[in-house]
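Below: one structure, written as structure tokens.
A short reminder: the numbers here are calculations on the coordinates, not readings from a lab. Note that the structure is a prediction, hence the values are computed from the model and not measured. Cβ: placed from backbone, ideal geometry, glycine included. Neighbour counts: every protein chain shown.
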Amino acid sequence: MRRLLRSTGLAALTASIAVAAGGCGGTDDDTPVACLNGSGAYLRALEAAPGAVRLAGGTPISECLAENQQAGELATVGGAMLVTATRLNAEARDEPGGDANVRLGYLIGAAQAGAEETGGIHAELMRRLVTAATYSPGKQVLTKDFERAYREGFDAGLAEG
């Protein structure tokens, strides 16, 4: 019995190493590490909007949505982006037309630029991001100042990613 457990454990360890090794390497499926650092990293980087926004190591937000992205990485990136969009939306509604609107638009534009290259696997994330970005309590109409600044950021994010 002990020999069976030992050989089963060895087989499991070998399989784990093979899976880990298979996940290494520089393919387009890899999510840059800078994208996995939480909402704070996105908020800090977005302070540069509408200029070029870069996460640590010069990573554009659009590169955080990788083709064939692993589910865990997608959940981490998506969660951070959703928290960021929700926070920026609240700030933007408090001060329509301000910097938070531009940053919010940039985030959504950059995410859209990245999602366009991934064969639709980020469609649900994009739906949720847009919903968070355009949320308004009681379905009140967002102001023209909100929309103008958001569009400025969105266009920059789509272009600069």
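Determine, at each q value in 0.12, 0.14, 0.19, 0.24 (inverse angstroms), the log₁₀ of I(q)/I(0) that the Debye formula gives when each Cα of the stretch 22-123 is one equal point scatterer.
Log10 of I(q)/I(0), two decimals: -0.37, -0.50, -0.88, -1.32.
What does the convex hull of the alpha-carbon atoms of the stretch 42-100 project to on average, in nm²?
Details: hull surface 17.6 nm².
Across all orientations, the stretch 42-100 yields a mean hull projection of 4.4 nm².
Order these peptides, 132-143, 37-48, 95-106, 113-124, by their mean beta-carbon neighbour count within 10 angstrom, highest first.
Most protected by this proxy first, the peptides run 95-106, 37-48, 113-124, 132-143.
Using +1 at the C-beta of Lys and Arg and -1 at the C-beta of Asp and Glu, which of Gly58, Ala156, Leu129 has the Cα lying farthest in the positive direction of the dipole of the stretch 22-161?
Toward the positive end, the furthest listed residue is Leu129.
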